[in-house]
1. Hey, what did region 118-185 get for relative contact order, percent, Cα under 8 Å, at least 6 apart?
2. What whole number of Å gives the distance from the Cα centroid of region 147-198 to the Cα centroid of region 40-74?
3. Give the angle, between 0 and 90 degrees and rounded to the nearest 10, that separates the Cα long axis of helix 37-47 from the longest principal axis of the Cα atoms of the chain.
4. Most mobile of 200, 211, 49 per a Gaussian network model of the chain (Cα springs, under 10 Å)?
5. To the nearest 500 deg cm²/dmol, what mean residue ellipticity at 222 nm is calculated for the chain from DSSP H runs of n ≥ 4 alone, each contributing -39,500 (n - 2.57), summed and divided by the residues?
6. Rounded to the nearest 10 degrees, what's the angle between the helix 208-219 long axis and the longest principal axis of the chain, both from Cα atoms, 0 to 90?
7. Which one, (1) 142; (2) 113; (3) 125, gives volume of the Cα convex hull per residue in Å³ as derived from the coordinates shown?
8. Contact order normalised by length for region 1-71, with contacts defined as Cα pairs under 8 Å and 6 or more residues apart; what percent is it?
């Protein structure tokens, strides 16, 4: 029987690539999304992957959503917390609302996603928890105090869950992508994009599929001894 994987923010960008890669690897995949019904419908039509709508910032909705996934597909074995937002502004102009929105989705959203599923992973003595953090959670970034803080916090969640889950056969790991050729990055003005690429030793943006392959490895049985780790996939732009 195929293992079940939940991917939040799983219908676009890096999340879509992750959902597709896990399906290709033999997983039964549920892709969560927050609001773009049209994109979710197109994604299901293209891939055959079921989509589920809820906001990861809402604990009750996340709990109910996970329960629905399990009712439809079976117990969730792999959780990929990928959903994230940006509300960029220099710190002196950042509003409390911009701070809180990002914290609610990018940090609390990881808690809301994993927490309802965690008891089942412990009971079944198997689980894979993977969080998509960011290079900017490692090095910081101008205009992203809120985003960088949450992505750094995600790494703390992973290191702690790795310790709590180890004896129950649960691994917890993070991936920190650098600049990836997603729709959002490709929409940046060409001159800005060129300045970003100039900072990347490999001389190019990453591809969503490259992050997806990292996820597929961490979700596999081959990665059973890898836990509490961070895969830095940024083309050499930043070293930890």
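Laboratory data are not the source of any read-out in this text; all were calculated from the coordinates shown. Note that the structure is predicted; figures quoted are calculated from it, not measured. Positions of Cβ are backbone-derived with ideal geometry, glycine not excepted, and every protein chain shown enters the neighbour counts.
1. Values: 90 pairs, mean separation 29.7, N = 68.
Result for region 118-185 is 44 percent.
2. Using only Cα atoms to place each centre, the spacing works out to 22 Å.
3. Compared with the principal axis, the helix lies near 60 degrees.
4. 200
5. Values: 11 runs with 109 residues, N = 240.
Result for the chain, helices only: -13500 deg cm²/dmol.
6. For helix 208-219, the angle is close to 40 degrees.
7. (3)
8. Numbers: 104 pairs, mean separation 18.9, N = 71.
Relative contact order of region 1-71: 27 percent.
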